[in-house]
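What follows is one structure encoded as structure tokens, with my remarks underneath.
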There are 6 protein chains.
Amino acid sequence: MYSLKLVLKISGHLLSPKAGALDVCYIKELVKALKQLVKERHRLIVVTGGGETAREYIRAGEKLGLTEYHKDRIGISVSRLHALVLAFSLPGSLKHIPHSVEELERYVKANKVIVVGGFEPGQSTTTVAVLCAEAVNADKLIIATNVDGIYTSDPRRDPSARLLEKVHVDELERILTLSQLAGTYPLFDRLSLSILKRSRIRTIVVNGKPPENILKAVQGVKVGSEIVFKSRCNN
Amino acid sequence: MYSLKLVLKISGHLLSPKAGALDVCYIKELVKALKQLVKERHRLIVVTGGGETAREYIRAGEKLGLTEYHKDRIGISVSRLHALVLAFSLPGSLKHIPHSVEELERYVKANKVIVVGGFEPGQSTTTVAVLCAEAVNADKLIIATNVDGIYTSDPRRDPSARLLEKVHVDELERILTLSQLAGTYPLFDRLSLSILKRSRIRTIVVNGKPPENILKAVQGVKVGSEIVFKSRCNN
Amino acid sequence: MYSLKLVLKISGHLLSPKAGALDVCYIKELVKALKQLVKERHRLIVVTGGGETAREYIRAGEKLGLTEYHKDRIGISVSRLHALVLAFSLPGSLKHIPHSVEELERYVKANKVIVVGGFEPGQSTTTVAVLCAEAVNADKLIIATNVDGIYTSDPRRDPSARLLEKVHVDELERILTLSQLAGTYPLFDRLSLSILKRSRIRTIVVNGKPPENILKAVQGVKVGSEIVFKSRCNN
Amino acid sequence: MYSLKLVLKISGHLLSPKAGALDVCYIKELVKALKQLVKERHRLIVVTGGGETAREYIRAGEKLGLTEYHKDRIGISVSRLHALVLAFSLPGSLKHIPHSVEELERYVKANKVIVVGGFEPGQSTTTVAVLCAEAVNADKLIIATNVDGIYTSDPRRDPSARLLEKVHVDELERILTLSQLAGTYPLFDRLSLSILKRSRIRTIVVNGKPPENILKAVQGVKVGSEIVFKSRCNN
Amino acid sequence: MYSLKLVLKISGHLLSPKAGALDVCYIKELVKALKQLVKERHRLIVVTGGGETAREYIRAGEKLGLTEYHKDRIGISVSRLHALVLAFSLPGSLKHIPHSVEELERYVKANKVIVVGGFEPGQSTTTVAVLCAEAVNADKLIIATNVDGIYTSDPRRDPSARLLEKVHVDELERILTLSQLAGTYPLFDRLSLSILKRSRIRTIVVNGKPPENILKAVQGVKVGSEIVFKSRCNN
Amino acid sequence: MYSLKLVLKISGHLLSPKAGALDVCYIKELVKALKQLVKERHRLIVVTGGGETAREYIRAGEKLGLTEYHKDRIGISVSRLHALVLAFSLPGSLKHIPHSVEELERYVKANKVIVVGGFEPGQSTTTVAVLCAEAVNADKLIIATNVDGIYTSDPRRDPSARLLEKVHVDELERILTLSQLAGTYPLFDRLSLSILKRSRIRTIVVNGKPPENILKAVQGVKVGSEIVFKSRCNN
């Protein structure tokens, strides 16, 4: 199998499921899976979220009277802390965390494995992942989260909810609008979705637990949900 | 009158109405108005768009087969060129163009007048302006564009369209959704609107021509359309 | 009273006494005290520690097999997160956290209030504070920690331990050597002490709780322990 | 054929022959030629000029009362925009444009293809190209312009003007002094010539149209004019 | 007297008249004069040369087989070392040495006293001084060197050489061409002269010894040689 | 033999044994040895000291009344000048000198040979070397100095002093404490020793003259003194 350009988003919940704590066992397994991808000579950009530590620090920021903007910057700072932990755990990766997609581009040619956290206030780490994927023209974008993929509706409320193996990007937009009404945390915000639509990057949403799901998604083995796009010019 | 923190967005069309050209007469008048604001000791962040030069270079990028992401970066590069022209024309301004809101924050304390262009692909310069306003907790955000303000519908198509002196942010969202269906260029994209909603920055949309409108908006004289927010705690 | 150049080190324990959590009440009071110092037109450099969140992330790093060097960098990253929280809470401060004393010097002339975390692996935040004090030729260095000052021996073990109002730097060195044998966490590491000795910066160790102690130390009111130096040329 | 270190200067007129426009057809052919050089494993630094877009923006700057220095900086900004367009069109190139020769040196080891625009006011992009060639100790410097090479006199005025296959650097200096008197735009300014003289880099001036001329110059096929130097120590 | 924007070039020979050594007595007097200028609220950019230490290190580079380009970079590095010494000796100055005129512009608004060394290979520190003067639109440029001003011919060879109180820039160019033939070290290289010509900055060449000459040149007292320009529009 | 990650500290005395001068013959031989290591495909970080030029400039700084901190920064600046000379003499090395260990990490993946000088005031270049070794997890750290290794006591004072082939780190600490009492210049300061202890990097102290000693130390041939550590967990 030839080498791919991959962007992986690792949900912050998977890394820091409790405020102030890291899930060391999970990270060890994740690192093992990522090492496997490096061994297979894929190029990796990994995007980490802030998880519960971020959420707790943001809550403290709220009590301190910080603006939404500054709370976002604190969340970004925690996501970069997680990026650092992952970069240090992953041999061969760049031990510096780029702060913007423009800065990422300075390192991407000369470094096969780069880890980043958030980039800018008002922007989810999913948007960061989609931007990175677009910037390097990634072969695949894998969103590793704590659910099994994209459902027809919220599985925690609707027993008839069904996991979608493939979901058209327009259908996904419709589902997100509905689930947002239901107050659940969305997998994709509007900005990430609109960048995805224009770039048509092959995207797979998987449960990051166990990390083997990530390997499956890379290998093209059926797992999670794949986002599909309208064909261009009947191709 | 005491000094304010102001963010002004100057639409690219006003600066570069024709590919490869600048509207020198307009820029001279604009600089005169901005000098007036500096004289009144306001702190300014000015955000410039790329206008027709950006559009033409993006079209060339399209023909060269560039990705959406890289075309966005070209547009950003032109908007920064316009920021440079304006910064050089405006005595006392920082003669360096920050590339991100994080970089902006390094200079904002020590420089009373800063000009920026775009920040990141996938993001309008209106979003840049809203981010800057949020970052410095601006007293007012003024969007100087080439229409007189926000209309109930597209005035170019609907003779009954009416300019709104005040428009609630939710109503604005509804109007933008409709006008977008009609294919017109939106004043606000969704991201800028969602940041605006959370930060509740006082925002006025004016016709940047003549630049006196900007001065009026600063002074609180009735001009253009003001975006209003739900009251917090009945205040 | 005329304005001073002050460096304040705020122990991480005071900011984050529990992993993943900030002591919001304490930080509010601290910010109130710091605002008072800003109002009195003093110039401030504040150095924040990583506290329990840092300790917990370092422990996770240990389990992930990271080197001492990388664990230090994680601790530095948390201390910078705390610097960001404090900078955002403190109006008028630089909203950017310098990463080295060389970078600090770029901002120090144009910004009256700067907050930093750690600088370099193998170095305590006390050393950072002493370096900053030396770099700007500070009038006073205040070390705000969670004990009342410097004792003749460890007060938690020795009931006859006595708080020293003034302690000669050589005596301090002797006490630290002994208490280090007893395994307690030292207020000063050797590097910070040796820089202090050469620069003879007026240094006061206070209990950062309540933050009024910091104000007292600035005003010259008797509080905590002052480190004194051999007189130069009988002065 | 073994790989070479090459510096290519592409005249701005070739890229932007009309204000606000790019010559897309030419750039496509150029990219094809450059890809060929990359395929042959040469290392490339490409320097782009600002062309007519730069000239038009500088004229606007003139009308806005900008200083010569600031007009130069606007020209540099346009040349960097062209560098960006070329970098984005050229797979495998660094997607960041260094702003000085010192910054270039940070990337040159790890990136085989780098594109730059101007560096500093008061300096032509030809000087930039000669500096880059000197910095990396280039095997060849190719100046791609819109004339066929160096003539004995200005061919547009003097029907007896003759293209020189080889021209000694001192002879070139004499010709430039004369042609400058005649008011024509010089291929080389004095600074670029004096750096060239001291470094004795093999330099070939070709018509960049068609880009095959660049390939010929690399391969050592006779094309345009070659600048020759005095032998050192009779070698 | 109102405050001026001043650029002062201090010849490296004045600072380091012997390889590896600084003229401490001279620097002390110079600092005293510069403090006087700061006290009078002038804004200063000081440009330092590399002097004999630079020359000695460049000779070593020659023996090590370094290119002209790399020898220039070594000379620049020494000139920046001298800039650091002067910045550290001068209270209130920026303690960071900008490496390019673009970087200088980031600091110039917020720092009243900045010291720089060289910028780029192939460029004298006189050119650096002229560029800085142009960038900030300096009121006066003072070139402090080790001769009393500009002579009609080389005073060390021609007993009839006469110091010129005022010299037209074209006349200066003629003298330099002649003196260069005579092998003497030129006060101005061609690039600095051509930038000077276009910007018409008021320039005075003085003997930097004693530094009171610099104060005289600032105050408009007759000293050294002033370079004069053709009048624009009969003014 | 497979490739190693090596950190080499070259004492400043070896490079600049006289103020303002470089030992060109020594540097030539050193470069020859380093080229040999590059040819054997080892990865190198070389740390250079400031030597006598640094010492002389620091003495001048003393006379100018500079603080210890600023004198340290001048010494660092000279050590970086020496790093530049060595980098320029060594083909294939990065031609940029990182200023901190964090900056080093940006380049270390993409550049096989990097030269640095000092990092921070209050820190010896030996500490810099130990930090670099820790950061890249070096296989060997070689300290090239002007003595033959570590002695039981100061050989210049004690005729019974004996060179130690192997010395335990605790024994080394004891010797340094004693020799420091005797006022001699220590090979290791406390900070470098404490980082060494925690990281247990294989360290060999050799006489850098002739540079063949460095090659021997790399190859494992007996030369100088090796520092040995307590076994961890009986392994």
Positive end of the dipole of segment B:58-141, charges at C-beta (+1 Lys, Arg; -1 Asp, Glu), about the Cα centre: which of B:122, B:136, B:99 has its Cα farthest in that direction? B:99
Applying the gyration tensor rule to the Cα atoms of segment F:22-128 (axes a ≥ b ≥ c; rounded if a/c under 1.5, else prolate if a/b exceeds b/c, else oblate), the class is oblate
So if I average 1/r over every pair of distinct C-alpha atoms in the protein assembly as shown and take the inverse, what Kirkwood radius in Å does that give? 33.9 Å
Name the residues of segment D:14-52, by number, that are at least 30 Å² less accessible with every protein chain in place than in the isolated chain; the surface is that of heavy atoms, probe 1.4 Å, without ligands or nucleic acids. D:20, D:22, D:24, D:28
Probe 1.4 Å, heavy atoms of protein chains only: per residue, the accessible area of the protein assembly as shown in Å² is 40 Å²
Taking 20 Å² as the minimum loss, tell me which residues in segment B:105-119 lose that much accessible area going from the chain by itself to the full protein complex (1.4 Å probe). B:105, B:106, B:107, B:109, B:110, B:111
Copy-to-copy spacing for residue A:36, label 7 Å out on the Cα-to-C-beta vector, in nm, shortest first? 4.6, 4.6, 6.0, 6.8, 7.7
Taking only Cα atoms and a 10 Å spring cutoff, compute GNM fluctuations for chain F and point out the largest among F:216, F:35, F:63. F:63
Residue among A:135, A:161, A:54 with the largest mean-square fluctuation in a Gaussian network model of chain A, springs linking Cα atoms under 10 Å: A:161
Which percent, nearest 5, of DSSP beta bridges in the protein assembly as shown are antiparallel? 20 percent
Rounded to a whole number, what % of the accessible area of the protein assembly as shown do carbon and sulfur atoms account for, probe 1.4 Å? 50 percent
Relative contact order, percent, chain C [alpha-carbon distance under 8 Å, six or more residues apart]: 22 percent
Which entries in the list B:140/D:71; E:71/F:18; C:209/C:230 go over 24 Å, if you measure between the two C-alpha atoms of each? B:140/D:71; C:209/C:230
Prolate/oblate/rounded label for segment A:1-74 (Cα gyration tensor, a/c 1.5): oblate
Hey, got the dipole for the protein assembly as shown? About the Cα centre, +1 on K and R Cβ, -1 on D and E Cβ, debye to the nearest 20? 0 debye
Summing -39500 (n - 2.57) over the DSSP H runs of n ≥ 4 in chain C and dividing by its residue number, what mean residue ellipticity at 222 nm do you reach, to the nearest 500 deg cm²/dmol? -14000 deg cm²/dmol
Specify the residue with the greatest mean-square fluctuation among A:33, A:133, A:83, computed from a Gaussian network of chain A linking alpha-carbon atoms under 10 Å apart. A:33
Tabulate in residue order the Karplus-calculated ³J(HN,Hα) for segment C:131-148, using 6.51 cos²θ - 1.76 cosθ + 1.60 with θ = phi - 60°, rounded to whole Hz; enter x for Gly and Pro. 4, 4, 4, 5, 4, 9, 6, 5, 6, 8, 10, 10, 9, 9, 10, 9, 10, 7
Against the 2.2 N^0.38 Å scaling, with N counting residues, where does chain C land? I'd like the Cα-based Rg ratio to two decimal places. 0.97
Counting only residues 5 or more places away or on other chains, whose amide H sits under 5 Å from the amide H of residue C:20 once H atoms are built in the peptide plane? C:53
Residue B:143's amide H: which non-local residues (gap 5+, or another chain) put their own amide H closer than 5 Å, with H modeled 1.01 Å from N in plane and none for Pro or chain starts? B:9, B:204, B:205, B:206
Report the C-E buried area as the accessible area lost on both sides summed, probe 1.4 Å, in Å² to the nearest 100. 600 Å²
Label points for residue F:221 built 7 Å along Cα→Cβ; distances to same position in the other copies, nm, shortest first, come to 5.3, 5.3, 6.9, 7.1, 8.7
Label-point separation (nm) for residue B:39 and residue A:202, each offset 7 Å from Cα along Cα-to-Cβ? 6.3 nm
Nearest beta-carbon to the A/F symmetry axis - residue in chain A, distance in Å: A:110, 2
Calculate one ³J(HN,Hα) per residue across segment D:103-115 by plugging θ = phi - 60° into the Karplus curve 6.51 cos²θ - 1.76 cosθ + 1.60, and present them in order as whole Hz with x for glycine and proline. 5, 3, 5, 6, 10, 5, 6, 9, 10, 7, 10, 10, 10
In nm, one decimal, shortest first: how far is the label point of residue D:171 (7 Å from Cα along Cα to beta carbon) from the matching points in the other copies? 4.0, 7.4, 7.5, 8.0, 8.7
Per-residue HN-Hα couplings for segment F:65-80 [Karplus 6.51, -1.76, 1.60; θ = phi - 60°; Hz; x = Gly/Pro]: x, 5, 6, 4, 4, 6, 5, 4, 5, 5, x, 4, 4, 5, 5, 6
Computed FRET efficiency, Cβ-Cβ of residue E:174 and residue D:137, R0 45 Å: what is it to the nearest 0.05? 0.75
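The values are calculated or read from the model by the stated rules, or taken from the named source; none is laboratory data. It should be emphasised that the depicted structure is a prediction, and the values quoted were computed from it without experimental measurement. Please note: Cβ atoms are built from the backbone with ideal geometry, for glycine as well, and neighbour counts cover all protein chains shown. With ligands, DNA and RNA removed, areas are computed over all heavy atoms of the protein, side chains included. Shrake-Rupley method; radii C 1.70, N 1.55, O 1.52, S 1.80 Å.
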